[in-house]
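Shown next, in structure tokens, is the structure this report addresses.
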Amino acid sequence: MEFGRVAETELNSIDFSLPAEPAFNKNTLKGKPAKDPKVYLGCAKWGRTEWVGKIYPPKAKEKDFLNYYVDHYNSIELNATHYKVYGDAGIRKWAEKAKGKDFKFCPKMYQGVTHRGSLTNKQFITNEFFRGIVAFEEFLGPIFIQVSDAFSPKRKDELFDYLKTLPTDLQFFLEVRHPDWFKKDDITEEMFIKLKEMNMGAVITDTAGRRDCAHMHLTVPKAFIRYVGNSLHPTDYTRCDAWLERMKGWLKNGMEEIYFFMHMHDEATSPELTVYLVDKMNKELGLNLIKPTFLPPPPPKGGTLELF
């Protein structure tokens, strides 16, 4: 993900601290632990060739990557559905890979709906998108709607009118990026109130260059977090530590579901940071999340040297 990328030399000067818990959240969380909270952690794509020989077997074929991914993560922020409308047959093939696992696919809304022209008169293509993704069945997680960086609050009525047309039996989360959504308290508050009224979540995006998008507002007792690291820079670890404490507080106060998606500007190192975070989450939150298992490095070329 390129959103919010800054030069490495700037990272140590950024205030990465998470905002204080908004008073707004007291109306969303009940103040006591939920009966059976769920925590899901994943990445944005399984098709990472950089993971071959690291967590995927050497010489693994791309068509088989999902087979391996589901052994390392229990969810995926499915960006593939943003670029193409998939039919139910293709979706079922993906779902089959997760059989027997507690795994969630969290599809991103097709860009033909969210990034091309107005949101009005998009019912047909929206329905086609849903026709495919409902084939995930029990493996379908929240649907992630992202409007473009240029989509400002000047189009808020268009946005809210569209959101009202969406099915109420599916869980949605909205991500807005235009800075004007966060500059004025009345605009920001109206957005969160509207989402709460529609039982929709607000995506929280934690990236270096756009600290306003890490807003911490919960409009439903579920969180959808897009964390963007910086190739294992020291700040990546302290930021994960802060997120651990925030999630601990949320779970203590009634959070029902957490979806945490690990991004990097260079995705090659996402598994390493995942392991760091999952180890701490399992220990301090009493969870049993799966994590990437790294393959042993290949032997030196020419074989091993025997000493006598």
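The values are calculated or read from the model by the stated rules, or taken from the named source; none is laboratory data. Quantities reported herein were computed from a predicted structural model and do not represent experimental measurements. Don't worry about glycine lacking a Cβ; one is built from the backbone with ideal geometry, like all the others, and counts go over all protein chains shown.
Report every pair of residues separated by at least 6 positions or lying on different chains whose Cβ atoms are under 6 Å apart, first residue within region 144-162 and over 18 Å from Thr126 (Cα atoms), second in a helix (DSSP H, G or I) and at pLDDT 95 or above.
Pairs that qualify, where the first residue is over 18 Å from Thr126 (Cα atoms) and the partner is in a helix (DSSP H, G or I) and at pLDDT 95 or above, are Ser152/Asp180; Pro153/Asp180; Pro153/Trp181; Pro153/Ile187.
Mind listing whichever residues of region 21-52 are without any contact (Cβ under 8 Å) to a residue 40 or more places away in the chain, surrounded by fewer than 19 Cβ atoms within 10 Å (Cβ to Cβ) and assigned to a loop (DSSP other than H, G, I, E, B)?
Lys35, Asp36, Gly47
State all residues of region 94-104 that are under 16 Å from Ile290 (Cβ atoms) and not in a loop (DSSP other than H, G, I, E, B); if no residue qualifies, say none. Break it down stepwise before answering.
Initial filter on region 94-104 (under 16 Å from Ile290 (Cβ atoms)): 97-104.
Passing the criteria: only Lys104.
Can you name the number of the only condition in (1) exposed (fewer than 13 other Cβ atoms within 10 Å of the Cβ); (2) within 23 Å of Ile204 (Cα to Cα); (3) of a type outside the set (Asp, Glu) that Gln123 fails?
(2)
Among the residues of region 181-218 satisfying the criterion of being among the acidic types (Asp, Glu) and surrounded by fewer than 21 Cβ atoms within 10 Å (Cβ to Cβ), which is farthest from Trp250 (Cα to Cα)?
My answer is Asp186.
Do we have Glu2 as touching a residue at least 60 places away in the same chain (Cβ under 8 Å), within 30 Å of His178 (Cα to Cα) and acidic (Asp, Glu) here? Can you show your working first?
Numbers: touching a residue at least 60 places away in the same chain (Cβ under 8 Å): yes; within 30 Å of His178 (Cα to Cα): yes; acidic (Asp, Glu): yes.
Considered against the rule, which asks whether it is touching a residue at least 60 places away in the same chain (Cβ under 8 Å), within 30 Å of His178 (Cα to Cα) and acidic (Asp, Glu), Glu2 comes out as yes.
If a residue has to be in contact (Cβ under 8 Å) with a residue 60 or more places away in the chain and either of a type in the set (A, V, I, L, M) or touching a Leu at 6+ places or on another chain (Cβ under 8 Å) (or both) to count, how many in region 227-246 make the cut?
Final tally of qualifying residues: 7.
Would you point out which residue out of Phe172, Phe224, Phe192, Phe260 is under 28 Å from Phe294 (Cβ atoms), out of contact with any Gly (no Cβ under 6 Å at 6 or more places or on another chain) and hydrophobic (A, V, I, L, M, F, W, C)? Full working, then the answer.
Details: Phe172 fails: under 28 Å from Phe294 (Cβ atoms); Phe224 fails: out of contact with any Gly (no Cβ under 6 Å at 6 or more places or on another chain); Phe192 fails: under 28 Å from Phe294 (Cβ atoms).
Answer to the check: Phe260.
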